[in-house]
Amino acid sequence: MVHKVKGVVARSKGAPVTLETILVPDPGPGEALVDILTSGVCHTDLHYKLGGISDDFPFLLGHEATGVVSAVGPDVTDVAPGDRVVLNWRAVCGNCRACNRGQAQYCFNTHNATQKMTLEDGTELSAALGIGAFVEKTLVAAGQCTKVDPDADAAAIGLLGCGVMAGLGAAINTGGVKRGDTVAVIGCGGVGVAAIAGAALAGATTIIAVDIDAKKLDRAKELGATHTVDSSDSDPVEKIRELTGGFGADVVIDAVGRPETYKQAFYARDLAGTVVLVGVPTPEMTLELPLLDIFGRGGSLKSSWYGDCLPSRDFPMLISLYKQGKLDLDAFVTERITIDQVEEAFEKMHSGSVLRSVVEL
Ligand SMILES: NC(=O)c1ccc[n+]([C@@H]2O[C@H](COP(=O)([O-])OP(=O)(O)OC[C@H]3O[C@@H](n4cnc5c(N)ncnc54)[C@H](O)[C@@H]3O)[C@@H](O)[C@H]2O)c1
Ligand SMILES: [Zn+2]
Ligand SMILES: [Zn+2]
């Protein structure tokens, strides 16, 4: 059976998104059909719309979602109809070279649904991050469904499906922030603020938020920053060193992803410290650093994909901390919108006042 539902599609590069009728097939082997409850509007959806990720238009947008499984393929045993799930874009394969060495968080062969969702005329859709969640029903690989506690706000926990997990994980998993560490986070959008919350959760005692927009710094304080630096009018490297006894921070997270912010992160960390790049650069960006400084400052320079998370390990653990009041996921949900308001949500991203608009279906 084919299900006819409404979904948000980017038809061509830069064009406003449109609400379309989507045809969703029943799940085949290894697949699950999910009724979407909520889906956050992420910067990556805007990148897809603007053609910044690939040219495989039309895209079915949305990927930070909570839903309920409505049907599964014949061989699927890990999830069942009725399960509350957060969707993930890291359904690990279990037998690539990363998985084989016990590092499934780097899985090089993650799974998506095999069948395609289409427009009414049969045009195949490319699902954003292999999900596509601004839609009433979506088809994913069963491994993309992480079973979670049904008794938690869908809008808040769905954000673990992408940006919030990327930031939390950049601090906790990739950066390995420990109790008593000093941490600086450059760029305090959704990802950076989540990294701040992650550093606070891990017990960092000094957490320095850096941004060029003062509004972002106020919110960073609410989520755990102990100090703020407005880098539009001061040198963040100097300030971070001042705030860490003259040494630099143990872990510096670049949640912007530009050559100048990476360079700030590189020089604002203590000797033998860690730099984590979680912001995504664009293809034309390059960086020059003295090789002797790279050697002489020691430590590690790491990149963080999806917060090096394992959804089945990390989502339930973080939802438990949320329910205990130790992780304020509600603070990331700025507004709840309807499925026809995604284009407006993209416009609001530029105003700096919204961390996440979440579509309720
Ligand atoms: N690695 C991953 O898996 C992953 C996952 C999701 C998003 N991301 C990336 O993380 C980055 C941040 O995402 P977001 O949703 O927080 O974006 P955002 O646009 O909400 O936030 C970016 C922040 O950086 C600030 N900023 C811009 N230039 C700056 C500068 N020169 N110095 C200091 N601050 C500066 C902005 O004021 C803003 O507060 C993006 O590049 C996004 O693509 C990465
Ligand atoms: Zn694998
Ligand atoms: Zn995202």
> Within the stretch 207-222, how many residues are touching a helix residue (DSSP H, G or I) at 6+ places or on another chain (Cβ under 7 Å), more than 8 Å from ligand 1 (Cβ to nearest atom) and over 17 Å from THR182 (Cβ atoms)?
Replying inline: 2
>> Among the numbered criteria (1) over 22 Å from the mean Cα position of the chain (by Cα); (2) closer than 23 Å to LEU46 by Cβ; (3) among the acidic types (Asp, Glu), which one does GLU288 miss?
In response: (2)
>> Out of the residues in the stretch 291-307 meeting the condition of being over 25 Å from the mean Cα position of the chain (by Cα) and within 14 Å of VAL275 (Cβ to Cβ), tell me which one is surrounded by the most Cβ atoms within 10 Å (Cβ to Cβ).
In response: ARG297
>> On the basis of being farther than 17 Å from ILE240 by Cα, within 16 Å of ligand 1 (Cβ to nearest atom) and not acidic (Asp, Glu), does GLY192 make the cut?
In response: no
>> Which residue is surrounded by the fewest Cβ atoms within 10 Å (Cβ to Cβ), if the candidates are limited to the stretch 47-98 and must be of a type in the set (Lys, Arg) and under 26 Å from LEU361 (Cα atoms)?
In response: ARG84
> Any idea which of GLY73, GLY82 is closer than 22 Å to MET317 by Cα, more than 16 Å from ligand 1 (Cβ to nearest atom) and modelled with pLDDT of 95 or more?
Replying inline: GLY82
> Quick check, is LEU327 away from ligand 1 (no atom under 15 Å from the Cβ), part of a loop (DSSP other than H, G, I, E, B) and either touching a helix residue (DSSP H, G or I) at 6+ places or on another chain (Cβ under 7 Å) or in contact (Cβ under 8 Å) with a residue 40 or more places away in the chain (or both)?
Replying inline: yes
> Of everything in the stretch 53-66 that's modelled with pLDDT of 95 or more and within 16 Å of ligand 3 (Cβ to nearest atom), which residue is nearest to the chain's Cα centre (by Cα)?
Replying inline: GLU64
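The values are calculated or read from the model by the stated rules, or taken from the named source; none is laboratory data. Note that the coordinates shown come from a computational prediction; the quantities given were computed from them, not determined experimentally. Virtual Cβ from ideal backbone geometry, glycine too; neighbours counted across all protein chains shown.
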